[in-house]
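Trainee: Just dropping this structure here.
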Amino acid sequence: MTALQQQWPIPSKPRPIVIIGTGGIVADAHLPAYRKAGFEVSGLFDLDRGRARSLAARWDVPHVFASIEEAARADAVFDVAAPPVAHRAILEALPKGAAVLLQKPMGLDLAEATAIRDTAQARGLTASVNFQLRYSAMMLAIADAIRQGRLGELVEVEVRINLVTPWHLFPHLKPNPRVEIVSHSIHYLDTIRALIGDSQGVFARSFGHPSSELADTRTSILLDYGDRLRVLLSINHHHDFGRRHQEASFRVEGADGAAQAKLGVLLDYPAGEADELWLARRGGPWEQVALAGAWFPDAFIGPMANLQRFAAGEDTVLATRVDDAWRTMALVEACYSAGIVPGTPIPQP
């Protein structure tokens, strides 16, 4: 069996990285991933300087900047891990022509995404967005299996999330009028776009839950790819009835074969379980693919590696460039717009 690509190539001459923002995702994913890849993190900046100092001490980062202006003077690639509402102001402060990786989402709505894209372009930034699920070992392998023709004509893509998410770990989401799609299912929407391209339209609705203070934490989405390819997402973050029937799966099925991935980090988050990938050819057994890394933290290597390689001329495509990320945000916006439209009335006798 031909091997499947599972890792993005590392730049031949990695540049130092300055991280702006030192929240939990930086400690749990960015810094572990960069250390594993051998990337140098030369400095941190956060408005909470005490938190930045503490994280720098834990990870042997040599410098904590006193201001965004001081951070911007560093000769480095900038990893902006701040909330999306701060992205435009940070981009304005960074040097023109800099290489920048932005935390997802790219704003909280399409208007913000458009403004972020336009700011990056106006300043000549080489900018991409950290949609890292598409860079995970399991999703890179699925993409390669599709390229190799192992699955044949695609007929099914289904994402099923039925588990308990500890939303209390994300208190900053409480005031947001939009939560589930733009903060969570956006990962799946972006990865589906990476695997099979843009859809023609969308049917969608998000729902609240009586146990949650958040605006919405459950979602159903049906993407329109014509009359032969069925693409759907069923997302429930409140299945609090034990592990037996909890699920975090991503299935891609073709006329000749199928792939099934388990998104292990979501089960008992943040401790998680191991990711899994299984492949089958029609008429043959399911075979498990040994994975070279996990979604968290390993997939966070990919966006930074791609950005640095593109900036150095080693990659010809910046996969999650702001223009492409804008299209993911446009799909998110379409999902929310679809949720406003009432269902087709049922004929009455």
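Trainee: Restricting things to alpha carbons, tell me how big segment 92-181 is in terms of Rg and Dmax, in Å.
Mentor: Over segment 92-181's Cα set, Rg and Dmax evaluate to 17.8, 48 Å.
Trainee: Another one. What's the percent breakdown of Cα-Cα distances in segment 71-230 across 10 Å bins, shortest bin first?
Mentor: Percent of Cα pairs in each bin: 9, 31, 32, 22, 5, 0.
Trainee: Which listed residue (ALA145, SER183, ILE196) has the Cα farthest towards the positive end of the charge dipole for segment 84-206, taking +1 on Lys and Arg C-beta and -1 on Asp and Glu C-beta about the Cα centre?
Mentor: SER183
Trainee: Compute a Gaussian network model of the chain, connecting alpha carbons closer than 10 Å, and tell me which residue from ALA271, ALA127, ALA319 fluctuates the most.
Mentor: Highest fluctuation among the options: ALA271.
Trainee: Would you work out which of GLY264, LEU163, ILE301 lies farthest towards the positive end of the dipole of the chain? Charges go on Cβ: Lys and Arg +1, Asp and Glu -1.
Mentor: ILE301
Trainee: Also, I was wondering about something else. Which percent of Cα pairs goes in each bin when the distances of segment 179-288 are cut into 5 angstrom slices starting at zero?
Mentor: Per 5 Å bin, starting at zero, the Cα-Cα P(r) for segment 179-288 comes out as 2, 10, 17, 21, 21, 16, 9, 3, 1, 0 percent.
Trainee: Compute from the Cα atoms of segment 245-302 the Rg and the Dmax, the latter being the longest Cα-Cα distance, and quote both in angstrom.
Mentor: 12.7, 37
Trainee: So, one more: Would you compute, from DSSP H runs of 4+ residues alone, the mean residue ellipticity of the chain at 222 nm, taking -39500 (n - 2.57) per run and dividing by the full residue count, rounded to the nearest 500?
Mentor: -8000 deg cm²/dmol
Trainee: Put ARG205, ARG150 in order of accessible area, largest first, 1.4 Å probe: what do you get?
Mentor: The most accessible residue leads, giving ARG205, ARG150.
Trainee: So what does VAL85 come to for accessible area, using a 1.4 Å probe and Å² rounded to 10?
Mentor: About 110 Å², rounded to the nearest 10.
Trainee: Sorted by accessible area (1.4 Å probe), largest first, how do TRP286, TRP295, TRP278, TRP8 line up?
Mentor: Details: TRP286 130, TRP295 5, TRP278 85, TRP8 65 Å².
The most accessible residue leads, giving TRP286, TRP278, TRP8, TRP295.
Trainee: With a Förster radius of 51 Å, plug the Cβ-Cβ distance of ALA3 and ASP224 into 1/(1 + (r/R0)^6) and report the FRET value to the nearest 0.05.
Mentor: Efficiency, from the Cβ-Cβ distance: 0.90.
Trainee: I would also like to ask the following. Cβ neighbours within 10 Å, averaged per peptide: list 252-258, 163-169, 102-108 in order, most packed at the top.
Mentor: On the way: 252-258: 19.0, 163-169: 15.4, 102-108: 25.1.
Peptide ranking by packing, descending: 102-108, 252-258, 163-169.
Trainee: Would you mind getting me the FRET efficiency between ASP48 and GLU153? Use the beta-carbon distance for r and R0 = 51 Å, nearest 0.05.
Mentor: About 0.50, to the nearest 0.05.
Trainee: Most fluctuating residue of GLN288, GLN200, GLN260 in a GNM of the chain with Cα springs under 10 Å: which is it?
Mentor: GLN200
Trainee: Divide, for segment 143-194, the radius of gyration over alpha carbons by 2.2 N^0.38 Å, where N is the residue count.
Mentor: 1.59
Trainee: Sticking with this one: To one decimal place, what orientation-averaged projected area in nm² is obtained for the convex hull of the Cα set of segment 66-124?
Mentor: Average of the hull's projected areas for segment 66-124 equals 3.7 nm².
Trainee: Over the chain, what is the relative contact order in whole percent, taking alpha-carbon pairs under 8 Å and six or more residues apart?
Mentor: Value for the chain: 22 percent.
Trainee: Calculate the tail of P(r) for the chain: the fraction of all Cα-Cα distances greater than 40 Å, expressed in %.
Mentor: Considering the chain, 12 percent of its Cα-Cα pairs are separated by more than 40 Å.
The values are calculated or read from the model by the stated rules, or taken from the named source; none is laboratory data. Bear in mind the structure is a predicted one, so any value in this text is a computation, not a measurement. Please note: Cβ atoms are built from the backbone with ideal geometry, for glycine as well, and neighbour counts cover all protein chains shown. SASA here: full protein model, heavy atoms, side chains in, ligands and nucleic acids out. Shrake-Rupley method; radii C 1.70, N 1.55, O 1.52, S 1.80 Å.
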